[in-house]
Amino acid sequence: MRLRHIVIDGKIHLWSDIVQLRREQLAALKRQAAQSTLFEVKHDARPVTERKAADRYLQPSLFAA
């Protein structure tokens, strides 16, 4: 059995209208997520253990080379 309407706060809304509004919301989110970046994204060529400050603190490599 398919729902034709739904009651929200005592008001009857058509289910198809609710589904259409949700599709519009999702389309707007996709458009918003497609924004360009403010800065150029650069590849981090450091070893995995040196990419985060906490990892560099735990495993210093200053004298390893």
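Computed from the coordinates by the stated procedures, all read-outs in this text should not be read as laboratory data. Nothing here was measured: the structure is a model prediction, and the numbers come from that model. Note: ideal-geometry Cβ built from the backbone for every residue, glycine included; neighbour counts use all protein chains shown.
Which whole-number percentage describes the relative contact order of the chain, with Cα contacts under 8 Å and a sequence gap of 6 or more?
In percent, rounded to a whole number, it is 13.
Just add up the charged neighbours of LEU29: K/R +1, D/E -1, any other residue whose Cβ is under 13 Å from the Cβ of LEU29.
Result for the neighbourhood of LEU29: +3.
Please list, ordered by chain and number, the residues whose modelled amide H lies under 5 Å from the amide H of HIS5; skip anything fewer than 5 residues away on the same chain.
Answer set, sorted by chain and number: TRP15.
ALA54 to PHE39: extension gain in nm, 0.36 nm per residue of separation minus the Cα-Cα distance?
Difference between extended and current length: 3.0 nm.
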